[in-house]
Amino acid sequence: MDTSDSSPRSSAAAPRDRGARSRRLRLLGDLLLIAGGIVLAYPFWSAAYAQVQQTRLDSTYRQQSAAFVEDVNANVDTRTHDVSDEELVRRLAVRYRRGLKAGDPIGRLRIPRIDLHRLVQQGVDGRLALDPDGDRTLLRNGPVHYATTPLPGAGEPFAVAGHRTTYGAPFYELDKLRRGDPVYLDTPYAKFRYRVAKTTTVDPGDISVLNDRGYALVLTTCTPPYSAAHRLIVWGTLEKARPLRAARGR
C-alpha cells in the first residue's frame, strides 16, 4: 500500500484542528465573559426595573387615592361623627379592600432608620396566596402585602414581604431595625404609625407568623442575604391610626 502522501495531509490537518480548537476556546471565553457581565449587572438592572415600576405605581396610587376620597365624600354612610377612629378606620379599610386587585398599590411604607420609602402592592389572593411563586412577579416591583392577611386597620397582622438583595432590595437592611423604631404607612383611607416590637428568624415554610393576632404589622424577607434558608420577621405594634379627614366630614 502506498502511504507516501498521508503524512503531508496529516501535517496540514493538524494546524487546522488547532485553529478550530482555538476558535472554540475563544468563543467559550467570550460567552463566559458575557455571562459573567450579565450576572454582575443583574443587581443594577433589576434595581432600575424596580424603580421604573415604583414610578408607575406612584401614578396609579395617586389616581386611586383621589378616586377613593371622592367616593367617600359622596357617600354619606361613611361620613359619621358617632364612631371611634378605630371603627371608622376599620370601615374605610373594608371599603377600600373591595376595589383592590393583585398588583394595585395599597399605601406608602416609610421606615426612617433604614431610609426606606416604597409603595406596597396588594398580593395575589385565592389558592396562590401562600404559593412561593404567587407573588414572585409582583415582588420585582416592590414590597407586597400577603393577601391572606387584612389591610391595616381591618385586623391583625398586616403582613408584607420584600426582596432582600435584588430589584432594589427594599428590605436589605431590615435586620438593622431595633425595638421602638417607628414604621409609617400612609394609605388613601388612613395614616398609621407602628413601633418595632421584636425581630425573629423562622423557617421559610413557617406561615404561622401570618396568623399571629398579637401584632399589627409583620415584615418578612429572606435571611441571610443571598440565601433563602430562613425568613427574617419584624413584628410591630400599632401606635396610632388617623382616619381620612373626608370621612369625618371636616
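The values are calculated or read from the model by the stated rules, or taken from the named source; none is laboratory data. Since the model is a prediction, treat every value here as computed from it, not as a measurement. Neighbour counts run over all protein chains shown; Cβ positions are idealised from the backbone, glycine included.
Tabulated results
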item	result
Candidates ALA154, ALA159 - the one that is modelled with pLDDT of 95 or more and part of a loop (DSSP other than H, G, I, E, B)	ALA154
Breaking point among (1) under 24 Å from ALA241 (Cβ atoms); (2) charged (D, E, K, R); (3) in a loop (DSSP other than H, G, I, E, B), for ARG108	(3)
Enumeration of residues in segment 164-180 that are crowded, with 17+ Cβ neighbours inside 10 Å, part of a loop (DSSP other than H, G, I, E, B) and either basic (Lys, Arg) or touching a strand residue (DSSP E or B) at 6+ places or on another chain (Cβ under 7 Å) (or both)	ARG164, PRO170, PHE171, LEU177
Every residue from segment 209-245 that is in a strand (DSSP E or B), of a type in the set (D, E, K, R) and over 17 Å from the mean Cα position of the chain (by Cα)	GLU239, LYS240, ARG242
Number of positions in segment 118-170 that are without any contact (Cβ under 8 Å) to a residue 60 or more places away in the chain and hydrophobic (A, V, I, L, M, F, W, C)	8
Failed criterion for ASN211 (all others in (1) without any contact (Cβ under 8 Å) to a residue 40 or more places away in the chain; (2) surrounded by 13 or more Cβ atoms within 10 Å (Cβ to Cβ) hold)	(2)
Selection count, segment 196-216, where residues are in contact with a strand residue (DSSP E or B) (Cβ under 9 Å, 6 or more places away or on another chain), within 17 Å of LEU151 (Cα to Cα) and of a type outside the set (Val, Ile, Thr)	5
